[in-house]
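S.K.: Structure provided below as structure tokens; questions to follow.
The values are calculated or read from the model by the stated rules, or taken from the named source; none is laboratory data. These numbers were taken from a predicted model, which means no experiment stands behind them. Counting neighbours? That spans all protein chains shown, and the Cβs are built from the backbone with ideal geometry, glycine included.
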Amino acid sequence: MAGTTSVGGTPVSSNLFRTKSVEQSIQDTEEPEYALKKALSTLDLTVFGVGVVIGTGIFVLTGKIAKETAGPAVALAFVVAGVVCGLAALCYAEFASTVPVAGSAYTFSYATLGELPAWIIGWDLILELALGCAVVAVGWSGYIRSLMDTAGLSMPQALSGTHNGVFGFDVLACLLVIILTGILVVGVKLSSRVTAIVVAVKVTVVLLVIVVGAFFITGSNYHPFIPPAQHGEGGTGVSAPLIELMFGFNPGAFGVMGIFTGAAVVFFAFIGFDIVATTAEETLNPQRDVPRGILGSLFICTVLYVAVSIVVTGMQKYTELSTDAPLADAFKSVGHPFWAGLISFGAAVGLTSVCMILLLGQSRVFFAMSRDGLLPMFFSHVHPKFGTPYRSTILLGGIVAIVAGFTSIDVLAELVNIGTLFAFVMVAVGVVILRRKRPDLPRSFRTPLVPLIPALSVLASFWLMLNLPAETWIRFAIWMAVGVVVYFTYSSRSSRLRQFRDAR
């Protein structure tokens, strides 16, 4: 039996679920060779959160969900998604203030659930953030090429990526990732300043959409606010939602259920606020600033999403909205192409910050796993001058740059981040476990109504996971299987925690 098999005199089950104490995690951050430089404030963290969340979601998903799923009630879908994220954010805020260490959900799981669950979370986050960054970089490249075409300039096909079966290398996407990688190597404070400028431009454009668009609202476009329910035909095979394959449940579109179906999609427009937690170790006062950054950025983004969706569905009938560029096309429909061009510019600028912060979060998770010995410790050394994990940043930035260069724009689909939802579940469970195992730990922020709030977070996240296509679950399972092989062949043997316990 697995429980009786021993490795070095220690049961395998003990090795798999050995936990790293909060004190030990914090102590590791004080070793000069592996210590990240503290430079971030509440404002910096809030800017990071807004910078990564507001991206293509606000410029694209608004029209898509309004036209296909919820009608003008897409605003309520954003509210529902914001509440689900808020439940997870409350759990993240307690953990980040209690364990102010780089790595986010990976580090939190290591302290509560054990090494193998932590490895699974970290392995998953690396893939999700890398893929997300590559996809965003290609999207950014598309916006830039569109603006260049408007100005009478054009990129050669060979340097514009693969389109319609014609091979090409997306040089713009690749260069963007390389430049952002260099900025991240130089320092997290510089990264925050660049992000602050980009976010200021992006939020200004969004506010202009809200203010200017409000003058073109037609009340009749809101009727019916919740369109009558339509029974969906359902998906087929692995393209169907898992819940449909398991239970035959197909919520269809519109009506009250259409709001919740839409929420399962627009939820992914919020993904990214949890990256704020990955910077806890680089924050001047993490116990105070990280919870404020997480909750503040999520609140701001929810308000902006709801306001934009109300304006856009008021400007143009939901049945006529574009699914590719709804905000820009809504202004074209009322005879104002200038604002449409400005929105396209804002979308391109916005994607820059999304790309940078995804790279930032990915490198911090990789760094934390490397420092624990689960990945080669060569990548856990920080730069002697800049205090950044430059080796992991350069490695991952190079890989993402290559992937972005060769990613076909034709295969870009909605990035359904099952890994992030899985991380939400693990963090919520971890909050309850740590409360019971270590009630003595100082907590500057406490999740209210424990275990009710974590339980609701788990149920809400799992419900959204069930609404994802079965093929997404298959890809997730394959990546996790590869991760388990890597863990047992390398990580488990190289773990610093294992070496420390074996030496005692």
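Every residue, every condition in (1) closer than 28 Å to Gly293 by Cβ; (2) modelled with pLDDT of 85 or more; (3) under 20 Å from the mean Cα position of the chain (by Cα), yes or no:
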| position | (1), (2), (3) |
| --- | --- |
| Phe445 | yes, yes, no |
| Leu449 | yes, yes, no |
| Phe462 | yes, yes, yes |
| Thr472 | no, no, yes |
| Ser492 | no, yes, no |
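S.K.: Considering only the range 123-143, I want to know if a residue exists there that is buried (at least 24 other Cβ atoms within 10 Å of the Cβ), aromatic (Phe, Trp, Tyr), more than 23 Å from Thr29 (Cα to Cα) and at pLDDT 80 or above.
M.R.: Within the range 123-143, one or more residues are buried (at least 24 other Cβ atoms within 10 Å of the Cβ), aromatic (Phe, Trp, Tyr), more than 23 Å from Thr29 (Cα to Cα) and at pLDDT 80 or above.
S.K.: Confirm whether Phe378 is within 21 Å of the chain's Cα centre (by Cα), at pLDDT 85 or above, part of a helix (DSSP H, G or I) and not hydroxyl-bearing (Ser, Thr, Tyr). Walk me through it before giving the result.
M.R.: Values: within 21 Å of the chain's Cα centre (by Cα): no; at pLDDT 85 or above: yes; part of a helix (DSSP H, G or I): yes; not hydroxyl-bearing (Ser, Thr, Tyr): yes.
No: the conditions fail for Phe378.
S.K.: Would you check which residues across the range 457-504 are in contact with a Phe, Trp or Tyr (Cβ under 6 Å, 6 or more places away or on another chain) and of a type outside the set (Ser, Thr, Tyr) and list them?
M.R.: Across the range 457-504, the qualifying residues are Leu464, Gly483.
S.K.: Which is at pLDDT below 85, among the hydroxyl-bearing types (Ser, Thr, Tyr) and farther than 15 Å from Thr279 by Cα, of Ser370, Ser333? If you could, list the steps in order and put the result at the bottom.
M.R.: Numbers: Ser370 fails: at pLDDT below 85.
Going through Ser370, Ser333 in turn, the sole match is Ser333.
S.K.: OK, next. From the residues in the range 58-74 that are in contact with a Phe, Trp or Tyr (Cβ under 8 Å, 6 or more places away or on another chain) and surrounded by fewer than 24 Cβ atoms within 10 Å (Cβ to Cβ), which one is farthest from Asp329 (Cα to Cα)?
M.R.: Step by step, filter the range 58-74, then rank; the result is Pro72.
S.K.: Output the helices (runs of 4 or more DSSP H) that fall wholly within the range 416-504 and possess 3 or more residues being crowded, with 20+ Cβ neighbours inside 10 Å, out of contact with any helix residue (DSSP H, G or I) (no Cβ under 8 Å at 6 or more places or on another chain) and free of Cβ contacts under 8 Å to residues at least 40 places away in the same chain, or say none. Outline the logic, then answer.
M.R.: Numbers: elements: 418-437, 452-466, 470-486, 496-503.
Because the criterion is at least 3 residues that are crowded, with 20+ Cβ neighbours inside 10 Å, out of contact with any helix residue (DSSP H, G or I) (no Cβ under 8 Å at 6 or more places or on another chain) and free of Cβ contacts under 8 Å to residues at least 40 places away in the same chain, no helices (runs of 4 or more DSSP H) in the range 416-504 meet it.
S.K.: Identify, from the list Tyr106, Tyr92, the residue that is in contact with an Asp or Glu (Cβ under 7 Å, 6 or more places away or on another chain), assigned to a helix (DSSP H, G or I) and of a type in the set (Ser, Thr, Tyr). Reasoning before the result, please.
M.R.: Values: Tyr106 fails: in contact with an Asp or Glu (Cβ under 7 Å, 6 or more places away or on another chain).
Every option except Tyr92 fails the conditions.
S.K.: Sort out which residues of the range 172-212 are among the polar types (S, T, N, Q) and either modelled with pLDDT under 80 or surrounded by 16 or more Cβ atoms within 10 Å (Cβ to Cβ) (or both), and write them in order of number.
M.R.: Answer for the range 172-212, where residues must be among the polar types (S, T, N, Q) and either modelled with pLDDT under 80 or surrounded by 16 or more Cβ atoms within 10 Å (Cβ to Cβ) (or both): Thr181, Ser191, Ser192, Thr195.
S.K.: Can you tell me which residue in the range 278-295 is surrounded by the fewest Cβ atoms within 10 Å (Cβ to Cβ), limited to those that are within 16 Å of the chain's Cα centre (by Cα) and modelled with pLDDT of 80 or more?
M.R.: Leu295
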